[in-house]
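Engineer: Quick one: the structure is below, questions incoming.
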Amino acid sequence: MNWEEFAPWGRKVADWTQEYHQTVGDRPVRAQTAPGAILNALPELPPETPEPLEDVFRDFEEIVMPGITHWQHPRFFAYFNSNASPASVLAEFLAMAISPQCMLWQTSPAATEMETRMMDWLRQSLGLPAGYQGVIQDSASSATLAAVLTMREKTLGWQGNQQGLPGQGRLRIYASSEVHTSIDRAIWIAGIGQDNLIRVPITGAWRGMDPEALDAAIEADKAAGYIPAGVILSVGGTGTGATDPVAACLDVAEKHGLYSHVDAAWAGSAMICPEFRHMWDGTERADSIVFNPHKWLGVQFDCSAHFLKNPDDLVKTLAISPEYLKTHGAEGIVNYSEWSVPLGRRFRALKIWFVLRAYGLEGLRQRLRNHVAWGQALHDRLASEPDIEIVTPPMWSLFSFRYLRDGADPEHLNLRLINAINDDGRIYLTQTRVDGKLVIRFQAGQFECTEEDVMMVYDVVTEIARGLD
Ligand code: PLP
């Protein structure tokens with residue numbers, strides 16, 4: 001394959017992409033493939049000689065596509081969506097066409113400067129105060145890791161990287177039971193240890209951290225000789241949308257001088273709508289905030305927006321500058337690789353630019369508002385059924401429920417139900433656990449989904465549940 005052949009193939013791929021997205025709703029959402037089927041269809045040995053691209057493309061359609069779970073399907077209601085709006089796919093195509101490696105300002109000034117501008121556009125879009133600066137990370141997990149490393153280094157007087165952790169005293173980090181497992185992993189990788197991630201009890205319908213319990217946990221740790229290092233808050237947790245009372249928890253963090261990080265990976269996108277911002281009141285005081293435009297905002301995976309009140313803390317934690325990375329004579333510029341764990345960086349800002357310009361904030365807000373309203377309408381319909389129990393209320397477009405039948409074990413019944421729903425293929429849902437109960441979790445957020453798509457969940461759930469033997 002050479003560049004002469006590229007343009008016809010590019011056109012073919014563009015046509016294929018358009019058709020795929022326009023007809024993906026006709027396919028079963030979750031791959032209906034048996035484990036090992038794709039692996040067995042792929043030759044064990046790599047090719048020694050070139051093969052025609054026609055053959056490769058044919059195999060892509062025949063071998064790969066049947067094994068795909070369609071994340072861009074309008075009835076994908078599982079996990080959190082990973083939306084790829086058409087404008088963002090185009091931007092990504094262009095970014096791939098030039099394939100810059102944007103680790104330093106000088107290795108791609110446009111990427112760096114666009115990142116600065118796009119992070120500021122996003123900051124304004126979310127209503128965060130001027131003064132926050134941002135960086136695009138590859139994932140919320142990376143942003144959280146960077147924040148936890150910053151907590152560690154700041155607390156240890158910047159000695160952890162140099163001296164290691166032995167002999168430094170036991171650091172403690174506080175979060176509720178509802179935070180994403182990326183927080184646990186960050187604690188492991190930072191060498192702080194799972195036992196030092198203190199789970200603060202939750203309270204109320206939002207399943208948020210109890211600020212008094214947070215204060216009590218920090219006081220008890222101090223009295224016992226531990227070293228509190230930071231607080232991690234959840235806005236829109238994965239299982240049920242759990243949301244901490246951010247302002248009250250930050251009062252406690254500030255009282256103890258602790259660094260704070262807010263994980264709003266999913267729900268952060270909703271903050272482009274002013275009417276949802278009360279749910280994260282106080283976030284405008286956090287030291288570090290992450291949300292994923294690659295989830296609900298339509299900016300293709302991967303793209304994680306990380307805001308920092310004082311980037312110097314992060315840079316002091318992560319920057320390393322051997323001679324070959326020095327940018328002599330270019331003072332006052334930003335090298336974003338000093339703000340993240342990986343050195344190499346893709347040109348991710350381009351797709352934010354395309355998406356914000358192609359849809360405008362109003363276009364994006366309308367989509368999010370629809371998802372929330374349709375999710376609420378679905379919730380109301382399911383709630384009116386005597387054999388359906390709503391387990392957690394709508395948090396934006398996410399709620400959970402379970403099916404109950406006299407004499408049937410709810411755990412077994414709902415496991416059978418979720419499997420039958422996903423085998424059916426019209427919709428895709430996942431399960432989660434709430435206070436020990438297995439429940440079915442629904443969230444709406446697909447870029448192209450319609451009210452009919454959402455309301456089909458009612459038909460499929462009630463039909464399949466009542467048809468179970
Ligand atoms: N935080 C929350 C609340 C999430 O739901 C997720 C993933 O769904 C993450 C963090 C991790 O996101 P990423 O895959 O970008 O690391």
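The values are calculated or read from the model by the stated rules, or taken from the named source; none is laboratory data. Please read these numbers as outputs of a predicted model, since none were measured by experiment. Ideal geometry is used to build each Cβ from the backbone, glycine not excepted, and the neighbour counts take in all protein chains shown. What goes into the accessible areas is simple: the full protein's heavy atoms, side chains included, and nothing from ligands, DNA or RNA. Shrake-Rupley method; radii C 1.70, N 1.55, O 1.52, S 1.80 Å.
Engineer: In the stretch 101-346, with Lys and Arg counted as +1 and Asp and Glu as -1 at Cβ, which of these residues, Thr155, Thr107, Gly237, has the Cα nearest the positive end of the dipole, that is, farthest along it?
Structural biologist: Farthest towards the positive pole: Thr107.
Engineer: Taking amide H positions as placed 1.01 Å from N in the peptide plane, with prolines and chain starts having none, which residues 5 or more places from Gln431, or on another chain, fall under 5 Å of its amide H?
Structural biologist: Arg441
Engineer: Using +1 on the beta carbon of Lys and Arg, -1 on that of Asp and Glu, and nothing else charged, what's the dipole of the stretch 206-263 about the Cα centre, debye to 20?
Structural biologist: 100
Engineer: Quick one: Cα centre-to-centre distance for the stretch 140-212 and the stretch 425-469, in angstrom?
Structural biologist: 34
Engineer: Give the residue list of chymotrypsin sites (Phe, Trp or Tyr not before Pro) in the stretch 151-225 that are DSSP loop and have at most 16 other beta-carbon atoms within 10 angstrom.
Structural biologist: Qualifying residues, ordered by number: Trp158.
Engineer: With the full set of protein chains in place, find how many percent of the accessible area of the stretch 101-346 is carbon and sulfur; take the probe as 1.4 Å.
Structural biologist: 53
Engineer: Note down the magnitude of the dipole of the chain about its Cα centre, charges +1 on Lys and Arg C-beta and -1 on Asp and Glu C-beta and zero elsewhere, to the nearest 20 debye.
Structural biologist: 1020
Engineer: Then there is this: Lys/Arg Cβ at +1, Asp/Glu Cβ at -1, dipole of the stretch 178-333 taken about the Cα centre: which of Ser260, Cys303, Ile183 is farthest positive-ward?
Structural biologist: Towards the positive end, the residue furthest out is Cys303.
Engineer: Something else now. Using DSSP to define loop residues, name the trypsin sites (Lys or Arg not before Pro) in the stretch 367-448 whose beta-carbon has at most 16 other beta-carbon atoms within 10 Å.
Structural biologist: Arg405
Engineer: Taking amide H positions as placed 1.01 Å from N in the peptide plane, with prolines and chain starts having none, which residues 5 or more places from Thr69, or on another chain, fall under 5 Å of its amide H?
Structural biologist: Answer set, sorted by chain and number: Ala31.
Engineer: Right, next: The chain: longest stretch without exposed GluC sites (Glu not before Pro) (DSSP loop, at most 15 other Cβ within 10 Å), sites themselves excluded?
Structural biologist: Answer from the scan: 49-330.
Engineer: Using a 1.4 angstrom probe with every protein chain in place, what is the largest-first accessible-area order of Met119, Met1, Met455?
Structural biologist: So the residues, ranked largest to smallest area, are Met1, Met455, Met119.
Engineer: Could you give each residue of the stretch 276-292 its phi-based ³J(HN,Hα) in whole Hz, using Karplus coefficients 6.51, -1.76, 1.60 with θ = phi - 60°, and x for Gly or Pro?
Structural biologist: 9, 5, 4, 6, 10, 3, x, 4, 5, 10, 5, 6, 8, 9, 10, 9, 9
Engineer: Under a point-charge model restricted to the Cβ atoms of Lys and Arg (+1) and Asp and Glu (-1), what is the dipole moment magnitude of the stretch 101-346 relative to its Cα centre, in debye to the nearest 20?
Structural biologist: In debye, rounded to 20, the stretch 101-346 gives about 340.
Engineer: Further question: Over 10 Å intervals from 0, what percent of Cα-Cα pairs in the stretch 101-346 sits in each interval?
Structural biologist: Percent of Cα pairs in each bin: 8, 33, 36, 19, 5, 0.
Engineer: I'd like the antiparallel share, as a percent to the nearest 5, of DSSP beta bridges with both residues in the chain.
Structural biologist: 60
Engineer: Please report, in cubic angstrom per residue, the volume enclosed by the convex hull of the alpha-carbon atoms of the chain.
Structural biologist: Expressed per residue, the convex hull around the Cα atoms of the chain is 182 Å³.
Engineer: Per DSSP H run of n ≥ 4, the term is -39500 (n - 2.57); total these for the chain, divide by its residue number, and report the mean residue ellipticity at 222 nm rounded to 500 deg cm²/dmol.
Structural biologist: Mean residue ellipticity, 222 nm, calculated: -13000 deg cm²/dmol.
Engineer: For the stretch 153-165, what does the Karplus curve 6.51 cos²θ - 1.76 cosθ + 1.60, with θ = phi - 60°, yield as ³J(HN,Hα) per residue in whole Hz, taken in order and with x for Gly and Pro?
Structural biologist: Ordered by residue, 3J(HN,Hα) equals 5, 4, 5, 8, x, 6, 9, x, 4, 7, 9, x, 8 Hz.
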